[in-house]
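Here is the structure we will look at.
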């Protein structure tokens with residue numbers, strides 16, 4: 001029974017990590033952008049949500065009406081004005097520039113809001129749980145997060161495979177130069193892609209802010225968890241990212257069951273072990 | 001092109017590099033004599049500059065030459081620091097011996113780590129090295145003998161082993177850090193002048209081309225990774241010998257030991273020995289200048305690094321080389337052709 005519980009809790013946790021990872025997976029899959037600042041964008045979204053809630057008195061979930069467009073615009077502008085210029089010369093330029101953005105966000109938040117913990121208060125849903133037959137409890141909020149992750153990936157799947165925009169995304173992902181020859185404006189398309197990625201980052205950020213406390217330094221570990229989910233799942237496959245997140249979540253729950261202090265460590269070890277065995281992940285779709 | 005060339009020579013040192021060598025020797029003499037004319041604050045600042053130069057040289061060797069863009073070098077800084085505290089505190093080892101062992105220990109740990117991370121390429125390698133460092137940090141926070149989450153402090157008897165006088169101790173620690181930094185810069189310089197350096201420069205310029213010309217790219221990278229980890233461990237031990245205490249967050253801090261170091265290298269000029277010095281000076285200058293304004297210096301450093309990466313990716317020293325053909329550390333070779341008429345005039 002305990003093992004089923006671990007599997008269920010780990011899978012739900014995995015939904016959370018997959019949600020962290022969607023934005024990263026998109027920018028990595030479409031423009032090969034290694035976005036080191038991704039975790040900080042999640043935290044920034046939570047702060048923007050906090051400001052919106054304080055200013056309007058909205059419920060944190062509803063603050064997404066403000067946070068999603070705000071993050072879309074930020075993403076679009078950053079990609080057009082900055083990140084597009086990093087994509088032609090190997091790994092170092094995007095890595096360094098996003099490290100720069102990461103340091104700027106972290107220290108900007110630190111200067112603006114101090115090093116204190118914050119939290120988005122949602123109320124009853126944070127602690128509500130369902131009693132399932134067999135005697136174990138499932139939190140309503142983790143279940144909701146998992147559903148949001150599945151719905152997000154599903155909607156992106158529709159976007160990628162049923163729309164003109166999605167076809168263009170797949171085209172530039174497969175071969176950017178040829179796509180450009182076929183009349184696609186890659187720079188504009190990348191900006192739209194990063195904007196959309198940031199919308200999902202905003203959703204992840206708000207749910208993150210409701211689930212746990214956050215502070216300006218909370219970004220890097222979210223980035224690592226998101227990267228682990230993406231890489232375990234395989235580059236460019238969003239359902240793979242969900243599975244990757246679940247593998248990570250289950251590994252963490254197993255670690256936590258053995259010793260509460262081993263949770264994150266067990267996830268890292270499982271990640272490294274999987275990476276050594278299958279360097280391109282479980283379900284690779286995009287060629288690196 | 002006429003064939004009237006009398007002599008062909010390959011030169012390494014240039015006039016500029018000879019002048020620089022003299023100036024550098026004078027500056028070094030001044031730094032070595034600092035304990036006799038400077039105060040403890042000066043020594044602390046110069047020691048910090050020294051270890052940052054060493055870390056920057058090492059990351060530059062890894063990423064700028066060997067193409068190994070690691071963001072996990074903090075793993076070896078923390079490992080070196082913890083090893084020093086563990087050996088002196090738990091095994092009662094002599095502090096100098098412990099500092100000397102810390103480096104090779106980090107190098108030894110780097111061997112199995114390299115087996116894992118060398119299977120990864122590009123971005124995966126970068127993230128993989130970071131995760132390894134996180135694993136070390138989490139392990140350190142779980143092991144009771146390493147002080148778990150709160151870390152370790154150097155006890156007074158260990159410090160008195162160095163010297164019972166505070167001033168003498170400060171001077172010895174300062175000279176040790178300066179010496180280690182010189183040692184590391186010297187190793188990097190000699191390595192780049194050796195045949196491995198030629199291989200490294202070739203890998204820097206084009207990995208497939210150098211491999212096709214018979215450069216053992218894997219072997220060269222492996223040696224560089226292990227050597228870098230060893231030196232980083234030594235520097236880590238000396239950093240925390242100065243700081244007197246270590247914790248998992250401080251020891252394995254990616255921001256302190258890797259991110260700002262990457263910024264220094266890129267701002268100064270990646271793939272050159274001169275670049276890390278320039279980048280370090282800019283970092284220290286910004287920090288001291290904006291010391292009263294919290295962490296704004298880091299924001300400014302990040303902005304400068306972004307602008308340099310996009311507008312002048314070869315960094316400040318790269319720009320100088322392009323304009324003035326200057327090389328202060330003669331690691332390259334230049335062909336000198338002396339035309340016939342000029343030779344005949346003499």
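Read the figures in this text as sums done on the coordinates, not as results from a lab. Note that the structure is predicted; figures quoted are calculated from it, not measured. Cβ: placed from backbone, ideal geometry, glycine included. Neighbour counts: every protein chain shown.
General remarks:
- Cα centroid separation - the stretch B:87-109 against the stretch B:260-311, whole Å: 32
- For the segment B:121-132, counting C-beta atoms of other chains within 10 Å of every residue's C-beta and taking the mean gives 6.
- Per-residue [θ]222 nm for chain A (sum of -39500 (n - 2.57) over DSSP H runs n ≥ 4, rounded to 500): -24500 deg cm²/dmol
- Tail beyond 29 Å, pair distance distribution of the stretch A:19-225 (Cα, percent): 28
- Average beta-carbon neighbours from other chains, 10 Å sphere, peptide A:212-222: 1
- Cα centroid separation - the stretch B:176-250 against the stretch A:182-234, whole Å: 34
- For chain A, averaging the sequence separation of C-alpha pairs within contact (under 8 Å, six or more residues apart) and dividing by the residue count gives a relative contact order of 37 percent.
- Residues A:268, A:118 arranged by fewest to most Cβ contacts within 10 Å: A:118, A:268
- Among B:291, B:140, B:305, residue whose mean-square fluctuation peaks in a GNM of chain B (springs only between Cα atoms under 10 Å): B:291
- Cα long-axis angle, helix A:38-56 against chain A (0 to 90 degrees, to the nearest 10): 70
- Inter-part distance, the stretch B:321-339 to the stretch B:115-133, computed on C-alpha centroids, equals 36 Å.
- Footprinting exposure proxy for B:218, A:214, B:240, B:252 (fewest neighbouring C-beta atoms within 10 Å first): B:218, A:214, B:240, B:252
- Averaged over the residues of A:84-93, the number of partner chain Cβ atoms lying within 10 Å of the residue Cβ comes to 4.
- Normalised by residue number, the volume inside the convex hull of the Cα atoms of the stretch B:245-346 is 157 Å³ per residue.
- Residue exposure sequence - B:22, A:43 - by fewest surrounding Cβ within 10 Å: B:22, A:43
- Comparing B:273, B:308, B:143 in a Gaussian network model of chain B (Cα springs below 10 Å), the most mobile by mean-square fluctuation is B:143.
- Hydrodynamic radius by Kirkwood, which averages 1/r over all alpha carbon pairs of chain B, in angstrom: 21.5
- Whether the stretch B:58-100 is rounded, prolate or oblate, judged on the alpha carbon gyration tensor where a/c under 1.5 counts as rounded: prolate
- Helix axis angle, B:296-311 relative to chain B longest principal axis, alpha carbon, degrees: 30
- Angle of helix B:315-324 to the longest C-alpha principal axis of chain B, folded into 0 to 90 degrees and rounded to 10: 20°.
- Shape call, the stretch B:36-131: gyration tensor on alpha carbons, a/c limit 1.5: oblate
- Highest to lowest packing among B:41-51, B:223-233, scored as the average C-beta count within 10 Å: B:223-233, B:41-51
- Estimated translational D of the protein assembly as shown in µm²/s (Stokes, Kirkwood radius over Cα pairs; 25 °C; 0.890 mPa s): 93
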